[in-house]
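The values are calculated or read from the model by the stated rules, or taken from the named source; none is laboratory data. Source: prediction; values computed, not measured. Cβ placement follows ideal geometry from the backbone for every residue including glycine, while neighbour counts extend to all protein chains displayed. Each accessible area value is taken on the protein alone, full model and side chains, heavy atoms only, with ligands, DNA and RNA left out. Shrake-Rupley method; radii C 1.70, N 1.55, O 1.52, S 1.80 Å.
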Amino acid sequence: IFQMVKKEPKMKISKIKALFFDLDHTLWDFETNSALTFKELFKKYCIKIELSKFLEKYVPNNEFYWKLFRNGKIDKQTLRYKRLKVIFDKLNYEISDSLIDDISDDYIQMLPENNHLFNGAVEILEKLKQIYSLHIITNGFKDVQFFKLRNSGLISFFDTITDSSSVGKKKPHPDIFNFALSSAGVKAHESIMIGDSLEADVSGAMSVGMNAIHFQPLKIINSDKYVEINELSELNFLV
């Protein structure tokens, strides 16, 4: 595990007033909750596919279509349809478009009911809340993200919640970060963005002058421009 004490990040902790968190894949354990939701849906709709085989293909496919959506190349409906349709086709499973639409709608409704968080999420937020103002910046859909935060018990930790649908721009576009900073009433150099995406969270935040922490990087880069952590408990260096 990467040791924070060996890191000399280019950020002056004494100047930091606000911490901005991504939600999915950073605090809220998206993959675990998504898998549980699909398990329920497969049972409800009698989908005769081994869940592990489905998820093996679905997870990277979902990331692929989310990137297209984030970059403005597809709309929300295309994202919700294609991320399922492509996988059923690859698995040679015959399914109607109407059933795919039903599964997609139910998935969005049921997903926030599963609320597994990453290890140590609540504990570290309780500590950080005593020192900093805490905020969310998410590319997720507004209504879904609200229910995730509420149902998981996280919503009380955050002073502002900035979502891409309300701003009209998705991370890593500068507008969503500037909107969040303005809403929080802090300057970029007084803030840190914490998220799992090197492109959307880290690079996006740094482009407007924010400090950044990359959570659970697939490959440790040991950058001198941002901090890398594998566990939320490593944020204790901010306390």
Review point. Taking interchain pairs and intrachain pairs at least six residues apart, which have beta carbon atoms under 7 angstrom, with the first residue in segment 204-227 and under 16 Å from Leu19 (Cβ atoms) and the second of a type in the set (S, T, N, Q) and open to solvent by 10 Å² or more (accessible area, probe 1.4 Å)?
Key: Val208/Asn178
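For segment 175-223, how many residues meet the condition of being open to solvent by less than 50 Å² (accessible area, probe 1.4 Å) and either polar (S, T, N, Q) or more than 13 Å from the chain's Cα centre (by Cα) (or both)?
21
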Revision key, fill the gap. Filtering segment 72-111 down to residues that are touching a residue at least 60 places away in the same chain (Cβ under 8 Å) and either in contact with a strand residue (DSSP E or B) (Cβ under 7 Å, 6 or more places away or on another chain) or closer than 18 Å to Asp24 by Cβ (or both) yields Lys76, Tyr107, Met110, Leu111
Check your understanding: Could you say which residue among Thr138, Thr160 is of a type in the set (Ser, Thr, Tyr) and open to solvent by less than 20 Å² (accessible area, probe 1.4 Å)?
Key -> Thr138
Exercise for review: For segment 87-96, indicate whether the set of residues that are under 30 Å from Val122 (Cβ atoms), in a helix (DSSP H, G or I), modelled with pLDDT of 95 or more and open to solvent by 50 Å² or more (accessible area, probe 1.4 Å) is non-empty.
Suggested key: no
Exercise for review: Please state which of the following conditions Thr26 fails to meet, knowing it meets all the rest: (1) open to solvent by 80 Å² or more (accessible area, probe 1.4 Å); (2) closer than 23 Å to Glu199 by Cβ.
Suggested key: (1)
Exercise for review: Restrict the check to segment 65-77 and report whether at least one residue is at positive phi and modelled with pLDDT under 95.
Suggested key: yes
Revision key, fill the gap. Counting only residues that are modelled with pLDDT under 95 and either small (Gly, Ala, Ser) or touching a His at 6+ places or on another chain (Cβ under 6 Å) (or both), segment 1-41 contains a total of 1
